[in-house]
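Heads up, the thing below is written out as structure tokens.
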Amino acid sequence: MNDKANKCIECTVTQCKNHCESVNYCSLEAIKVGTHEANPTVDQCTDCMSFECKPGQCN
Ligand code: SF4
């Protein structure tokens, strides 16, 4: 459980270790956003590079 919600970073990825479980915010001070596309055109092209899978959530 991580209660240090950063109100500047809204996030709904509850599978991430850095997510504040009780509220939809990230607990990190800052995150890095990137892309897996050569020419990103829509939001689905972007990724949170600070994502870390929550223990028990990943194989
Ligand atoms: S690290 Fe990224 S995916 Fe994880 S809670 Fe923070 S903003 Fe969401």
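Values quoted throughout were computed directly from the atomic coordinates according to the rules given, and no laboratory measurement underlies them. Computed from a prediction, not measured in an experiment: that's the story for all the values here. Positions of Cβ are backbone-derived with ideal geometry, glycine not excepted, and every protein chain shown enters the neighbour counts.
For the reader, a short list of remarks on this structure follows.
- Selection count, segment 43-52, where residues are more than 10 Å from the ligand (Cβ to nearest atom) and in a loop (DSSP other than H, G, I, E, B): 0
- Any pair with Cβ under 8 angstrom, 6 or more apart, that starts in segment 22-45 at a residue that is closer than 14 Å to residue 4 by Cα and ends at one that is acidic (Asp, Glu): 22/3; 24/10; 25/10; 26/10; 27/3
- Of the residues making up segment 4-42, just one is among the aliphatic types (A, V, I, L, M), part of a strand (DSSP E or B) and within 7 Å of the ligand (Cβ to nearest atom), namely 9.
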